[in-house]
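Q: Mind having a look at this structure? Questions to follow.
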Amino acid sequence: MTEQTLRLSITGMMCAGCVSAVETALQTVEGVTQANVNLAERTAMVTGDFNPDAAVNAVKSAGFTAAVMQGRSAEIEKEAHEEAHYRQLWRRVWVAGVPGAFLMIGDMMLGILPGMEGSGRWFWLAAGLVTLAVMIYSGGHFYKGAWQQLKHHSSNMDTLIALGTGTAWLYSMLVVLFPNIVPSLARHAYFEAALVIIALVSFGNALEMRARGRTSAAIKSLMKLQPPIAHVIRNGQEMDLPLEEVGLEETLRVRAGETIPLDGKLLEGQSHVDESMLTGESVPVAKQTGDAVTGGTMNGSGSFLMQVSHIGADTVLAQIIEMIRKAQSSKPQIARLVDKVASVFVPVVVAIAILTFILWYWLGPEPSLSYALVTSMTVLVIACPCALGLATPIAIIAGVGRAAQSGILIRNGEALQQAAKLDTIVLDKTGTITQGKPSLNAIHVAGGQDAERLLQITATLERGSEHPLGATIRAAAKDKGLQDLPVKGFNAIAGHGAHAEVDGHSYYVGNTRLMQQQGLALEPWQGHLRELDQQGQTPVFLADAQQILALFGIADAIKEDAQESIQRLRNLGLEVIMLTGDRREVAQHIAQQVGIQTLHAEVLPADKSEIIANLQQRGRKVAMVGDGVNDAPALARADVGIAIGAGTDVAIAAADITLMGSSLRGIADAIAISKATNRNIWQNLFGAFVYNSLGIPVAAGLLYPFIGLLLNPMIAGAAMALSSVTVVTNANRLAAFRLR
């Protein structure tokens with residue numbers, strides 16, 4: 001079985017009822033295991049071992065149009081299609097709005113239009129035919145969609161609009177052609193209502209579409225990061241080629257200030273690269289020969305040659321875009337509940353509209369037929385569940401996009417929702433709290449010795465060593481600008497250290513056993529050794545033939561912002577726990593430095609997942625934060641798994657949230673964005689439910705017996721359109737959400 005995930009562009013969807021219809025159609029396709037439809041983006045993510053044509057045909061048979069989206073050209077085509085559709089919506093607004101406004105102002109406000117008696121009937125007959133033509137042009141998609149839904153024994157927003165405006169036109173034409181079939185008081189044409197409702201709904205759709213475009217800005221900005229061409233060197237000649245024509249292991253030239261086209265590693269030269277689009281951290285990163293670079297990041301003032309390691313969908317940028325897209329299309333539990341509600345909402349509204357018509361016709365004042373028509377039409381129009389269907393997906397899109405701008409990749413909507421409920425954060429030590437690589441933390445020297453000179457000698461001795469501790473000492477010397485000294489007779493002593501002559505003097509560098517072999521006194525250094533041992537630091541000695549000259553303490557340093565980030569988590573009321581396979585003494589020292597009170601030390605990789613499970617059994621909502629392969633089971637077991645992006649692919653694949661940088665501040669940022677998104681979802685849902693819950697009874701005329709209030713169908717159309725715009729505008733506030 002070959003599982004694939006395809007993204008479909010779908011047109012014709014208007015509300016949550018459409019979402020349910022499309023998802024049902026896709027899930028009936030053989031081999032489809034999951035189908036998530038995103039109303040806000042008008043797309044579907046379909047997973048499984050299935051025939052793409054079968055999926056497209058299933059959507060078409062449900063009354064919608066679908067096409068498979070692949071690559072940059074498909075995105076450009078979709079954007080162009082949306083822009084054309086946006087312009088078309090505005091044309092529909094004007095074509096319906098101008099004659100609608102003319103009829104409404106001339107008849108209802110100024111009373112200057114002729115009556116329906118005598119020659120006036122010809123005017124209203126012409127008005128009816130013009131209205132029909134406008135309804136076909138500006139609202140034809142409503143009637144076509146409603147018919148398709150009817151054929152499939154379903155209903156959606158199109159059904160409500162088509163019933164409301166269609167009934168208004170049909171009643172008005174009957175009044176014009178056969179005025180005697182209704183009482184004189186009921187002889188009123190509602191052509192203007194049909195036109196204005198269509199204009200207002202199209203107006204709301206246009207505003208919503210423009211607002212949705214802003215919500216999806218995160219993906220669009222990421223897609224624009226990759227340049228269209230690369231400077232490729234082939235057979236000694238440099239040529240500019242489209243990225244699609246660049247292959248693996250090709251050599252590219254990247255000039256100062258250019259965007260790096262693809263993933264690879266430096267072959268020649270050096271520079272500083274702005275990786276803020278990946279990590280959210282603005283400080284440029286130094287790059288030298290052999291270092292990895294990522295497509296889409298910005299080169300600084302240096303120029304270099306690079307070798308391509310990943311192209312197309314395998315690049316980091318492409319994977320980030322795909323991950324964000326999947327997250328924005330996924331559905332948390334609350335969205336599935338809303339979809340179920342919306343799927344039965346439209347039939348219920350139609351039933352309410354029919355009941356409203358019957359009650360007004362039976363019990364209402366004269367002209368009861370007019371009252372019955374107006375109230376039932378108003379119910380149909382005001383009840384359109386557009387806002388309900390948009391409430392959750394539009395907030396998820398905005399929240400995931402805002403997180404991506406901060407270097408936080410969220411895999412799915414469920415993780416975004418769950419992160420707001422966390423009360424316990426479990427941190428791995430190595431590579432998460434600490435930097436994951438050794439650094440020189442302490443230098444103790446014998447009396448009268450110069451520490452910098454001894455560091456220079458030690459780094460010179462370590463030049464011929466391949467041991468990581470030696471590389472750490474050399475890196476510390478390089479940071480201080482210390483140059484290597486002349487060396488003679490270098491000799492590596494396996495498992496102990498090295499010996500050589502530097503500036504004519506004999507020196508030894510190595511561990512405690514080497515010092516004991518040379519008969520050098522360790523007693524004066526015992527206090528320092530105990531201190532290093534308690535702190536989990538590894539000792540490295542430098543000695544000459546007579547005495548030990550220096551003791552270097554090497555350890556995995558704590559990240560600069562670890563203490564501040566952990567304190568911020570504690571200020572949020574979260575319990576922070578450290579988990580490590582390291583010795584308890586080392587773990588306690590690290591925990592004390594960063595302000596962690598609860599820790600589990602000397603833990604085997606297999607036990608990490610069990611500790612998470614025990615916390616969950618006590619009712620805790622747990623996030624696991626890690627970067628290594630041995631963290632993957634615990635990341636998968638936690639309510640929310642958070643991977644440090646500098647870690648391994650396995651950890652990232654097992655995690656729900658990935659911090660693209662190595663800073664821990666992304667944990668609190670992710671939680672803050674999650675809480676803001678959850679608030680936004682509930683605000684949207686509350687507004688949509690309250691709007692429909694209050695709007696339908698008012699539209700049905702519930703207040704008429706008490707205060708004589710009836711809602712005009714055109715006001716209902718405006719309110720329905722603006723409710724969707726309000727939901728989308730509220731979600732767009734997340735794009736401006738400020739992190740600490």
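The values are calculated or read from the model by the stated rules, or taken from the named source; none is laboratory data. Note that this is a predicted model, so its numbers are computed, not measured. With ideal geometry, Cβ positions are generated from the backbone for all residues, glycine too; neighbour counts draw on all protein chains shown. The accessibility values were calculated without ligands, DNA or RNA, using every heavy atom of the protein model including side chains. Shrake-Rupley method; radii C 1.70, N 1.55, O 1.52, S 1.80 Å.
Q: Over the range 424-505, give the accessible area per residue in Å² for a 1.4 Å probe, as an integer.
A: Here the per-residue accessible area is 50 Å².
Q: If I model a spin label at Gln592 and Arg255 as a point 7 Å from the Cα along the Cα→Cβ vector, what separation in nanometres do I get?
A: For Gln592 paired with Arg255, the spin-label model returns 5.7 nm.
Q: Per q in 0.16, 0.26, 0.30 Å⁻¹, report the Debye log10 I(q)/I(0) for the range 116-170, using one uniform scatterer on each alpha carbon and no solvent.
A: Cα-only, vacuum Debye calculation for the range 116-170: -0.54, -0.96, -1.11.
Q: Continuing with this model, one more query. To the nearest 20 debye, what is the magnitude of the charge dipole of the chain about its Cα centre, counting +1 on the Cβ of each Lys and Arg and -1 on the Cβ of each Asp and Glu?
A: Around 2300 debye, computed over the chain.
Q: Grab the beta carbon distance between Glu238 and Val68, set R0 = 45 Å, and tell me the FRET efficiency rounded to 0.05.
A: Rounded to the nearest 0.05, the efficiency is 0.80.
Q: Applying 1/(1 + (r/R0)^6) with R0 = 60 Å to the Cβ-Cβ distance of Glu366 and Thr11, what FRET efficiency is obtained, to the nearest 0.05?
A: For R0 = 60 Å, the calculated efficiency reads 0.85.
Q: Could you pull the accessible area for Phe490 with a 1.4 Å probe, rounded to 10 Å²?
A: 80
Q: What shape does the range 226-270 take by its C-alpha gyration tensor, where a ≥ b ≥ c are the square roots of the eigenvalues and a/c under 1.5 counts as rounded, a/b above b/c as prolate, and the rest as oblate?
A: Verdict is rounded for the range 226-270.
Q: Turning to a different aspect of this structure: Kindly write out, for the range 669-681 in residue order, the coupling ³J(HN,Hα) from the Karplus curve 6.51 cos²θ - 1.76 cosθ + 1.60 (θ = phi - 60°), rounded to whole Hz, with x marking Gly and Pro.
A: Here the 3J(HN,Hα) series is 5, 4, 5, 4, 5, 4, 5, 5, 5, 4, 4, 5, 4 Hz.
Q: Another one. Which value does Rg/Rh take for the range 496-608 over its C-alpha atoms, Rh per Kirkwood?
A: Ratio of gyration radius to Kirkwood radius for the range 496-608: 1.14.
Q: Here's something else I'd like to know. Taking a probe of 1.4 angstrom, what is the accessible area of Val344 in Å², to the nearest 10?
A: So the heavy atoms of Val344 present about 80 Å² to solvent.
Q: Can you compute the helix-only [θ] at 222 nm over the chain? Use -39500 (n - 2.57) per DSSP H run of at least 4 residues, normalise by all residues, nearest 500 deg cm²/dmol. Please list the in-between numbers first.
A: Values: 25 runs with 373 residues, N = 740.
Calculated from helices alone, the mean residue ellipticity at 222 nm is -16500 deg cm²/dmol.
Q: With all distinct Cα pairs included, what does the Kirkwood hydrodynamic radius of the range 375-500 come out to in Å, to one decimal, could you say?
A: One decimal place: 20.9 Å for the Kirkwood radius.
Q: Carbon-plus-sulfur fraction of the accessible area of the chain, 1.4 Å probe, in percent?
A: Its accessible area is 56 percent carbon and sulfur atoms.
Q: A follow-up question, please. Any idea which of Gly553, Ser506, Gln537 is furthest toward the positive side of the dipole for the range 506-561, if Lys and Arg beta-carbons carry +1 and Asp and Glu beta-carbons -1?
A: Final value for the positive-end residue is Ser506.
Q: If you don't mind, there's one more thing I want to ask. Between Ile715 and Arg738, what length comes free when the chain is fully extended (0.36 nm per residue of separation minus the Cα-Cα distance, one decimal in nm)? Please list the in-between numbers first.
A: Details: separation 23, 0.36 × 23 = 8.28 nm, distance 3.65 nm.
Result for the pair: 4.6 nm of gain on full extension.
Q: Provide the FRET efficiency to the nearest 0.05 for the Gln288-Val690 pair, computing r from the beta carbons and using R0 = 51 Å.
A: Working: r = 60 Å, r/R0 = 1.17.
E(calc), rounded to 0.05, equals 0.30.
Q: Could you please tell me the mean projected area of the C-alpha convex hull for the chain, averaged over all directions and given in square nanometres to one decimal?
A: 41.6
Q: As I understand it, the dipole of the chain uses +1 on the Cβ of Lys and Arg and -1 on the Cβ of Asp and Glu, about the Cα centre. Which of Thr458, Pro468, Pro347 lies farthest toward its positive end?
A: Pro347
Q: Okay, moving on. Quick one: which residues, 5 or more positions from Thr434 or on another chain, have an amide H under 5 Å from its amide H? H modelled 1.01 Å from N in the peptide plane, none for Pro or chain starts.
A: Lys559
Q: Additional query: Give the accessible surface of the range 46-156 per residue, rounded to a whole number of Å², with probe radius 1.4 Å and ligands, DNA and RNA excluded.
A: Using a 1.4 Å probe on heavy atoms only, each residue of the range 46-156 averages 56 Å².
Q: Further question on the same structure: If you place +1 on the Cβ of every Lys and Arg and -1 on the Cβ of every Asp and Glu, how big does the dipole about the Cα centre of the range 391-523 come out, in debye to the nearest 20?
A: So the dipole magnitude of the range 391-523 works out to roughly 400 debye.
Q: Asp479 to Arg453: extension gain in nm, 0.36 nm per residue of separation minus the Cα-Cα distance?
A: Difference between extended and current length: 8.0 nm.
Q: How much of His600 can a 1.4 Å solvent probe reach, expressed as accessible area in Å² and rounded to 10?
A: His600 exposes around 70 Å² with every protein chain in place.
Q: For the range 436-578, what is the relative contact order in percent, using Cα pairs closer than 8 Å and at least 6 residues apart in sequence?
A: Reported relative contact order: 27 percent.
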